[in-house]
Amino acid sequence: MIKYFKEKYQEFKFRRKYKRRKNLNRSKWGSAGLFIVLLIFGTFSAYPLIMTVSNAFKPLDELFLFPPTLFPKNPTLDNFKDLSSLISGSWIPFSRYFFNTIIITFLGTAGHVLVASMAAYPLSKYKFPGSKLLFALVVYSLMFAPQVTQIPNYIIISSLGMINTYSAVVLPAIAGSLGLYLMKQFMEQIPMDLIESAKIDGASEYRIFFQIVMPLVKPAWLTLIILLFQRLWTTDGGSFIFNEELKPLSYALRQIAQGSIERSGTIAAVSFIMMIVPIVFFVISQSKIVETMSHSGMK
C-alpha cells in the first residue's frame, strides 16, 4: 500500500512539473555570461571559507602578513599540536565536552524534527478553528532575531528550573518555528487524495503520518536536521549552562583559544574544527536544502 501511494505521488509531481515547464531560449553567449557572473559571485562567497581553512595550516609569522596570503607558503600542523596540548591540560576531560555536544545536538535536532512535523501535519492537511491564526503567529515569529527573544527565553527557562541542564538548550531548539514553517509548506504539496485513500483502507492517522507523509517529505526533514545540527553544534550554552561539566565542545575550544596573541594559530585551528563538520553535512545534503526551499517559497 505504501509503495502504491509513493508511485501516485511521484506521478502527481511529474504531471505538475510538466505543466509548469517552460522552454527557455538562451544563446550560447548568454549562458556563458551567466556562468561567468555566477563564477565571480561564487568566488567571493568561497573566499572566507578558503581563508579559514588556509589559516589553520599557516605558521604564526604568516598569520600576520599584510597583505594576507590566501594559501600558506610553509604549511604546518603546529596549530593543531598546540591545541592538542592545551586540551590535554584541561581539568575537565575533553571527552566530556564532546559528549555534552553530542547529547545537546541529538536531542535538540530529533525533538525539533518530530515536534515540527507532527504540528505541521494538521495545519497543512486539515482545517480547524484557529489554524490560520496559529500559522500566522508562526510566520510572525520568524521576523524576530534571537537577541530579541533571549530575555523571555531565559525567564521561561529559569521559571521552569532548567538552568544548568541540557534542557535549557534543547527545549528552545525543539520549540523553534522555522521547522514548523518548512514542514507545513512542504506537506501542502502532498495530495489529499493519498490521505483519503489510506483512510479508506483502514490506516490510522499515526500510520498515515509515519509511513506515508514522512517518507514523502524526506527532503524537508533532512534540511531541518542539517540546519539544527549546524546551530547546536556551535552553541556554547549561552546564559543557560554555567556548570563546567555540562559545557559543550564549542565553549571548551573557545576558552582554550582565548589568551595572548601567541594563540592566534590555535584560534585558527579551532575555527577550522568548528566549521568543518557542519560544512560536510551541508555538502552531502545540499540538494535536499535547495529542493525544500523551492517548495517552501523561502529565499
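The values are calculated or read from the model by the stated rules, or taken from the named source; none is laboratory data. Bear in mind the structure is a predicted one, so any value in this text is a computation, not a measurement. Reconstructed Cβ throughout: ideal geometry from the backbone, glycine too, with neighbour counts over all protein chains shown. Accessible surface areas use protein heavy atoms only, side chains included; no ligands, DNA or RNA. Shrake-Rupley method; radii C 1.70, N 1.55, O 1.52, S 1.80 Å.
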Top-ranked residue in segment 73-92 [being open to solvent by 80 Å² or more (accessible area, probe 1.4 Å) and of a type outside the set (D, E, K, R); ranked as farthest from the chain's Cα centre (by Cα)]: Asn74
Boolean, Phe41 is surrounded by 14 or more Cβ atoms within 10 Å (Cβ to Cβ), modelled with pLDDT of 80 or more, farther than 30 Å from Val217 by Cβ and of a type in the set (A, V, I, L, M, F, W, C): no
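Quick check on my filter: what residues within segment 37-96 are part of a helix (DSSP H, G or I), among the charged types (D, E, K, R) and farther than 12 Å from Ser264 by Cα? Before you say what the answer is, go through the steps one by one.
The initial filter retains those residues of segment 37-96 that are part of a helix (DSSP H, G or I), namely 37-55, 60-63, 78-88, 94-96.
After this cut, where a residue has to be among the charged types (D, E, K, R) as well, the list is 61-62, 78, 81-82, 96.
Selection gives Lys81, Arg96.
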Selected residue [polar (S, T, N, Q) and under 18 Å from Glu262 (Cα atoms)] from Thr69, Thr43, Thr76: Thr76
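Pull up segment 46-101, narrow it to residues that are β-branched (Val, Ile, Thr) and under 18 Å from Tyr251 (Cα atoms), then point me to the one that is modelled with the highest pLDDT. Explain how you work it out, then say what you get.
To start, the set of residues in segment 46-101 that are β-branched (Val, Ile, Thr) comprises 50, 52-53, 69, 76, 87, 92, 101.
Filter once more, keeping what is under 18 Å from Tyr251 (Cα atoms): 87, 92, 101.
On the way: Ile87: 71, Ile92: 74, Thr101: 87.
Here the residue is Thr101.
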Members of segment 48-72 found to be in contact (Cβ under 8 Å) with a residue 24 or more places away in the chain and surrounded by 11 or more Cβ atoms within 10 Å (Cβ to Cβ), listed by number: Leu49, Thr52, Val53, Asn55, Ala56, Lys58, Pro59, Leu60, Leu63
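Inspect segment 258-265 for any residue being within 24 Å of Leu70 (Cβ to Cβ), in a helix (DSSP H, G or I) and at pLDDT 75 or above and give the result as yes or no. Break it down into steps so the answer makes sense when it comes.
From segment 258-265, those within 24 Å of Leu70 (Cβ to Cβ) are 261-265; that's our starting set.
Now narrow it down to the ones that are in a helix (DSSP H, G or I): 261-265.
After this cut, where a residue has to be at pLDDT 75 or above as well, the list is 264-265.
The answer is yes, given that some residue of segment 258-265 is within 24 Å of Leu70 (Cβ to Cβ), in a helix (DSSP H, G or I) and at pLDDT 75 or above.
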Test set (1) touching a residue at least 24 places away in the same chain (Cβ under 8 Å); (2) closer than 23 Å to Pro48 by Cα; (3) crowded, with 19+ Cβ neighbours inside 10 Å - Ile267 fails condition number: (1)
Of all residues making up segment 69-89, the number that are over 21 Å from Met274 (Cβ atoms) and not hydrophobic (A, V, I, L, M, F, W, C): 3
